[in-house]
Amino acid sequence: MKDYQIDVQLSSTKKEKPAFNQLSFGTVFTDHMFVMDYTKGKGWHDARIIPYQPITLDPAAIIFHYGQTVFEGLKAYKTKEDEVVLFRPDENMKRLNRSNQRLCIPEIDEEFALFALKKLISIDKDWVPNVEGTSLYVRPFIFADEPYLGVSPSNTYKFMIILSPVGAYYKEGINPVKIAVESEFVRAVKGGTGNAKTAGNYAASLKAQEEAEAEGFSQVLWLDGREHKYIEEVGSMNVFFKIKGEVITPELNGSILEGITRKSVLELLHFWNIPVVERKISIDEIFQAYHASELEEAFGTGTAAVISPIGELSWQGEKIIINEAKTGELSKKIYDSLTSIQTGSVEDPFGWRVEVE
Ligand SMILES: *Cc1c(COP(=O)(O)O)cnc(C)c1O
């Protein structure tokens, strides 16, 4: 690997660490952060690791007004041997650049970004929790910081990485959730920004999420924006169904975010010779399969929960219970396999695990 230049300024005081068995999600941050600037004509410059601190931005910064920003999310785990490992971080860097392209943000050097990320984690490695189910959540993000109220891509950007120790997603084991099929709002449409990891998609999803929560659901199932017919994602996760022994996930269509967990689940299923297809699947087909007693399992996939089984689906006044609202056999098998590879408790035949140092 190239010897990349990163200026390091260590924090003179260390924050008190939270109890690693009482962590929640995204509330506590480590001692340091990574920052790098972009200036048009000069490129990316001044890579540095500095004490975690607030940043000052001009009120006219483009990010506040027009949302020109992208982000990533991945996790670092501590193995039993006390090593710190990442799960497919190269995929996150590739996706960050795909998001950059869509948002007219200058691309980053993926290898350098991964180097910086590892260096930051190794400086804050005492923050990687070692309690079962916990991890260090890594949040790289880029935003437009030029003060300008005209609508055009910014001439300056900041690329930052922050770290947050997070608790077990499932406190009492992996648990099926209730989902409302969303028939009014849409998350994204083909031609929009649904396949980029950008703030606006999340802002657009809040209303539906809030209304579903008020009715006792934990997430919504998003349908396509043109016909309100085909399934896209569940909450901010990709979604899978098992019907008559075959696993089906919506094919990537421009409005679905290409999850790294989704990709890994597909690869695992192929490896196990379990029939799996990526294709269009309508909500009608799911309810029909249920009535024919052919719908066996349903689950969401994403970095935060890894696998989130769907126990109940509500649509047009009808409620269906999937697999008696219990975690399916395949869902459990995928969850166990992925988490053991991620945390280093088994061999990794795919080469997905990357050591931090
Ligand atoms: C990040 C994200 C996912 C999941 O991606 P992973 O790489 O598996 O974490 C799925 N859908 C949306 C909308 C996302 O933003």
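A few remarks follow.
- All Cα pairs of segment 7-167, percent lying beyond 22 Å: 44
- Only Lys, Arg (+1) and Asp, Glu (-1) charged, at Cβ; the chain dipole about Cα centre in debye: 440
- Among the GluC sites (Glu not before Pro) in segment 33-102, those located in a DSSP loop and surrounded by at most 12 other Cβ atoms within 10 Å of their own Cβ are GLU81.
- Cross-link reach is defined here as a Cα-Cα straight distance under 17 Å, omitting same-chain residues fewer than 8 places apart; for LYS78 the aspartates and glutamates meeting it are ASP124, ASP126, GLU132, ASP336, GLU347, ASP348, GLU355, GLU357.
- Stretching the chain fully between ASP7 and ASP109 yields a gain of 35.0 nm (0.36 nm per residue, less the alpha carbon separation).
- Estimated translational D of segment 257-357 in µm²/s (Stokes, Kirkwood radius over Cα pairs; 4 °C; 1.567 mPa s): 85
- Each listed q (0.13, 0.22 Å⁻¹) maps to a log10 I(q)/I(0) for segment 40-84 from the Debye sum over equal C-alpha point scatterers, namely -0.62, -1.15.
- Over the chain: helical MRE at 222 nm, DSSP H runs n ≥ 4 each giving -39500 (n - 2.57), nearest 500: -7500 deg cm²/dmol
- In summary, the lysines within cross-link reach of LYS242, defined as a Cα separation below 23 angstrom excluding same-chain residues under 8 places away, comprise LYS178, LYS229, LYS263, LYS280, LYS319, LYS326, LYS332, LYS333.
- Averaged over its residues, the chain has an accessible area of 47 Å² per residue, based on protein heavy atoms and a 1.4 Å probe.
- Segment 177-343, Cα convex hull volume normalised per residue, Å³: 107
- Residues of type lysines that LYS15 reaches as a straight line, Cα spacing below 17 Å, ignoring anything fewer than 8 places off in the same chain: LYS125
- Among ALA208, ILE108, VAL84 the positive-end extreme of the charge dipole of the chain (Cβ point charges): ILE108
- Radius of gyration and maximum dimension Dmax of segment 166-209, Cα, Å: 14.2, 40
- Projected area averaged over orientations for segment 305-357, convex hull of C-alpha atoms, nm²: 5.2
- Per residue Cα convex hull volume in Å³ - calculated over the chain: 147
- Cα-based Rg of segment 238-283 normalised by 2.2 N^0.38 Å, two decimals: 1.10
The values are calculated or read from the model by the stated rules, or taken from the named source; none is laboratory data. Predicted, not measured: the structure shown is a model, and the values here were computed from it. Using ideal geometry, Cβ is built from the backbone for each residue, glycine included, and neighbour counts are taken over all protein chains shown. Ligands, DNA and RNA are excluded from the accessible area calculation, which covers all protein heavy atoms including side chains. Shrake-Rupley method; radii C 1.70, N 1.55, O 1.52, S 1.80 Å.
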